[in-house]
Every structure is written in structure tokens, then in C-alpha cells.
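Single-structure report; data block below.
The values are calculated or read from the model by the stated rules, or taken from the named source; none is laboratory data. The shown structure was predicted, so the numbers you read here are calculated from the model rather than taken from an experiment. So basically every Cβ, Gly included, is an ideal-geometry build from the backbone, and we count neighbours across all protein chains shown. With ligands, DNA and RNA removed, areas are computed over all heavy atoms of the protein, side chains included. Shrake-Rupley method; radii C 1.70, N 1.55, O 1.52, S 1.80 Å.
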Amino acid sequence: MAKLSTNLNKHEYLIDHKNEFQPSPTGEWSQLLDQTIYPYYPSEELVEAVNLALRLNRPLLLEGEPGCGKSQLAAAVAYQFSQRYPEIAWRYQLWNVQSTSKAQDGFYTYDYVGRLQAAQLAKETVIDEKNNPTNPENFIDWGPLGKAFRSRRCRKTNRRIRTIVLVDEIDKADRDLPNDLLLAIDQQKFEIKDVRPRRWQSANPDAPPIIFITSNREKELPSAFLRRCLYHYVDFPDRETLKKIIKTRVDNLSEKIVETALDRFLELREKMEDDKDDGDKKVSTSELIDWVKALYYYPPKEIEKMLNQAKFPFRSTVQKNHSDYNQYK
């Protein structure tokens, strides 16, 4: 086995407990991810699931309530590994699945119109090698999985490339999409059908892509797809984790305000858990962040006053339908 795979398979933590590989406590812009990334606080079970996915080279399917941080896990892993293993050229690919998405979108699409236009220009002796119609490879637009499977070495640094792929909200699409991904996630290859002769694109066996897949459970996923994935359900965080999350998003709040805010929020969460079924919408971690940010715009004394009044402050940040708005005041 290649040295890269051995190193990654032996890592112990998703987020280093010594904070050596964490982003700035209040957020840090990442060029790799093209977004601001914050510290991520996984449970021990989630760390174990990520480690198993790495060792077994299997996709990790993450389910949980909307807003619980499923989609941020892949970004957190990409950030940490880029810091921990600088000898590797890390890449991050996001596949934001839509209701109309097909598995082919994750592999590649073929620009037939562009090739026809290039052929017409070639007749007029307008030649551009990048659009040479005699080379069908010029008209392949690689998708997130296609780019990840094709990654070998960085041309500039000659470092080996390894890609982390997030297939986000796969349950939005028709059941055909996960069924059509079976070969790709099991044997990590797919067929390129639009070139002659047809050929297969396989992932680099020494640096296979690390694939995270999220689902909000809007649709049941096929059994054959589930068999090929590892699985973890992301639970709602405990109080101490929520406190850490608040402090990474909003600094300079007193301990008293943070504790009082958590009391109000968790009281609302508990009422919703008592009143609602398992699949119903409840306040989530992302809504806690929005709510605390809304409070932060006011002076400390004003925040304390709002938190101690009977009416829940800034309800529009946490109550997202008419029934909740009337029921939880």
C-alpha cells in the first residue's frame, strides 16, 4: 500500500484535540474550500465513522436533521488534512444535488453543440487546439466525481493529489441517481461512453477520493446503495458542544449571556421534541447560530433583558412555519 494511504489510515482524530490543525476560533477563510470555515466538534462516534470510511475506502453516508452540520464535516476534514499532510495536494469538490440531477452529472457531461461549432470553425481554418473537433476529449466537462477520479499529481509541485468529495443532499434526486452510482462508489470507476473507443475512468488506487454523502431523509435510499456506504446519524449536539459552537461564531459574549441563551433555546427545543414526531422540523444548530448572531447586535444589558422576557426574542430565526409561530411564543 502506498505511503499516503498508510498515513491517512493511521490518523487518530478528525479534529486534532490539541487544536493544532483547527481553523481560527472565530472562523478562517479557506482558499481550498472557497468559504469561511469554523472549528468542527465531532462526537467520538462520528470520528470513528470517518476513520472507518478511510480505512475501508468506503463513502460515508451522513443523515440527521437539517442544520445539524452534516455538510460541514467534509469541509472540516478537507481543512484539517490540508494542514496535517502538506506533502499532499488536497482538492475539494462539491456536488450539490438537485431534484433534476443525474448520476452522469457527477461523472461528466459531453458538449456536443460545442464540438459541432468547433467543427464549423475548423472549416473556416479557425483552429484552436483546445477546441480541436478531432479530439473528442476536448469536449468533456468533468463533474465532481470525474475530477476526483482523474486526479493524479499536481503539475506545479509534483505532489500527489487527493480529493475530498461532498455529495450534498442526495435524497433530493430521483432514486435512479443513487442506483446509478453503485459501480462508481463500489469499484471507483465509471465508463466514458462519448468517446470512441469507449473507455473506463478509474480512481487512483494509491490516492482514492474520500467521499461524504449527506441526506435529510426526504426519500428512502435504495438498499443496494446503502450496502456500499458506511453510515452515521448526526445527533443534535449536547449543551457543552453548543456552547463551543456559539463561542466560535460570536465572540465577547459573557458566560452568563451564553448560558441564559442556551437555557431559552434548549427549552424551546425540548418543547418541540415533546410535541412533534421524529421527522418533523425542530430548531437546529444552524438556527441557534443565527439566533445568537441576532442577539449579538445589541448591548449586553439589552440582551439580558430580551432573554429574560416571556416572549421568545427574534422568533423569525428559529420558528419557520405558521404552526410553530403560533404555538411557541
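Scan the range 184-196 and report the pairs whose first residue is touching a residue at least 40 places away in the same chain (Cβ under 8 Å) and closer than 23 Å to residue 212 by Cα and whose second residue is assigned to a helix (DSSP H, G or I) and open to solvent by 10 Å² or more (accessible area, probe 1.4 Å), with Cβ atoms within less than 6 Å and a gap of 6+ or a chain change.
Listed by first residue and then by second, the contacts come to 190/107.
Restricting the search to the range 33-64, which residues are hydrophobic (A, V, I, L, M, F, W, C), open to solvent by less than 40 Å² (accessible area, probe 1.4 Å) and within 19 Å of residue 227 (Cα to Cα)?
So in the range 33-64, the residues hydrophobic (A, V, I, L, M, F, W, C) come out as 33, 37, 46-47, 49-50, 52-54, 56, 60-62.
Now narrow it down to the ones that are open to solvent by less than 40 Å² (accessible area, probe 1.4 Å): 33, 37, 46-47, 49-50, 53-54, 60-62.
Hits for the range 33-64 are 46, 49, 50, 53, 54, 60, 61, 62.
What number of residues within the range 271-329 satisfy the criterion of being of a type in the set (Phe, Trp, Tyr), outside any loop (DSSP other than H, G, I, E, B) and either touching a Lys or Arg at 6+ places or on another chain (Cβ under 6 Å) or open to solvent by less than 20 Å² (accessible area, probe 1.4 Å) (or both)? Steps first, answer last, please.
Narrowing the range 271-329 to residues of a type in the set (Phe, Trp, Tyr): 291, 296-298, 312, 314, 325, 328.
Keeping just the survivors that are outside any loop (DSSP other than H, G, I, E, B) gives 291, 296, 325.
Okay, now just the ones that are also either touching a Lys or Arg at 6+ places or on another chain (Cβ under 6 Å) or open to solvent by less than 20 Å² (accessible area, probe 1.4 Å) (or both), so 291.
Within the range 271-329, residues that are of a type in the set (Phe, Trp, Tyr), outside any loop (DSSP other than H, G, I, E, B) and either touching a Lys or Arg at 6+ places or on another chain (Cβ under 6 Å) or open to solvent by less than 20 Å² (accessible area, probe 1.4 Å) (or both) number 1.
Six or more apart or on different chains, Cβ atoms under 9 Å: show the pairs whose first residue is in the range 205-229 and at positive phi and touching a residue at least 24 places away in the same chain (Cβ under 8 Å) and whose second is open to solvent by less than 10 Å² (accessible area, probe 1.4 Å) and assigned to a helix (DSSP H, G or I).
217/171
Which ones in the range 1-26 are surrounded by 15 or more Cβ atoms within 10 Å (Cβ to Cβ) and at pLDDT 65 or above?
14, 15, 21, 22, 23
How do the pairs read when you match residues in the range 35-53 that are in a loop (DSSP other than H, G, I, E, B) with residues anywhere that are buried (at least 20 other Cβ atoms within 10 Å of the Cβ) and among the small types (Gly, Ala, Ser), using Cβ under 6 Å and keeping only pairs 6 or more apart or on different chains?
40/76
How many residues does the range 152-173 hold that are without any contact (Cβ under 8 Å) to a residue 24 or more places away in the chain and among the β-branched types (Val, Ile, Thr)? Let's see the steps before the verdict.
Of the range 152-173, the ones without any contact (Cβ under 8 Å) to a residue 24 or more places away in the chain are 155-156, 158.
From the residues that got through so far, the ones that are among the β-branched types (Val, Ile, Thr) too are none.
Result for the range 152-173: 0.
Of the conditions (1) assigned to a helix (DSSP H, G or I); (2) within 26 Å of the chain's Cα centre (by Cα); (3) of a type outside the set (Gly, Ala, Ser), residue 256 clears all except one; give me its number.
Among (1) assigned to a helix (DSSP H, G or I); (2) within 26 Å of the chain's Cα centre (by Cα); (3) of a type outside the set (Gly, Ala, Ser), the lone unmet condition for residue 256 is (2).
Which of the strands (runs of 3 or more DSSP E) found entirely inside the range 166-225 contain at least 3 residues meeting this: open to solvent by less than 60 Å² (accessible area, probe 1.4 Å) and of a type in the set (Val, Ile, Thr)?
Working: elements: 189-192, 199-202, 210-215.
So the answer is 210-215.
Against the condition modelled with pLDDT under 90 and either surrounded by fewer than 19 Cβ atoms within 10 Å (Cβ to Cβ) or at positive phi (or both), how does residue 83 come out, does it pass?
Details: modelled with pLDDT under 90: no; either surrounded by fewer than 19 Cβ atoms within 10 Å (Cβ to Cβ) or at positive phi (or both): yes.
So residue 83 fails the test.
Give the range 226-242 a look and list any residue that's in a loop (DSSP other than H, G, I, E, B) and modelled with pLDDT of 95 or more, or say none. Working first, answer last.
Initially, the range 226-242 is screened for residues in a loop (DSSP other than H, G, I, E, B), giving 228-229, 235-238.
Answer for the range 226-242, where residues must be in a loop (DSSP other than H, G, I, E, B) and modelled with pLDDT of 95 or more: 228, 229.
State whether one or more residues within the range 230-238 are over 13 Å from residue 106 (Cβ atoms) and in contact with a Lys or Arg (Cβ under 7 Å, 6 or more places away or on another chain).
The initial filter retains those residues of the range 230-238 that are over 13 Å from residue 106 (Cβ atoms), namely 230-238.
The next check asks that each one be in contact with a Lys or Arg (Cβ under 7 Å, 6 or more places away or on another chain); those that pass are 230, 234.
Yes - at least one qualifying residue is present in the range 230-238.
Do we find a residue being under 23 Å from residue 187 (Cα atoms), without any contact (Cβ under 8 Å) to a residue 60 or more places away in the chain, out of contact with any Cys (no Cβ under 6 Å at 6 or more places or on another chain) and not basic (Lys, Arg) anywhere in the range 69-78?
Scanning the range 69-78, I find no residue that is under 23 Å from residue 187 (Cα atoms), without any contact (Cβ under 8 Å) to a residue 60 or more places away in the chain, out of contact with any Cys (no Cβ under 6 Å at 6 or more places or on another chain) and not basic (Lys, Arg), so the answer is no.
For the condition small (Gly, Ala, Ser) and at pLDDT below 95, what is the one hit in 207, 184? Before you say what the answer is, go through the steps one by one.
On the way: 184 fails: at pLDDT below 95.
Going through 207, 184 in turn, just one is small (Gly, Ala, Ser) and at pLDDT below 95: 207.
Which one of these does residue 245 not meet: (1) at pLDDT below 95; (2) part of a loop (DSSP other than H, G, I, E, B); (3) of a type in the set (A, V, I, L, M, F, W, C)?
Against the list (1) at pLDDT below 95; (2) part of a loop (DSSP other than H, G, I, E, B); (3) of a type in the set (A, V, I, L, M, F, W, C), residue 245 comes up short only on (2).
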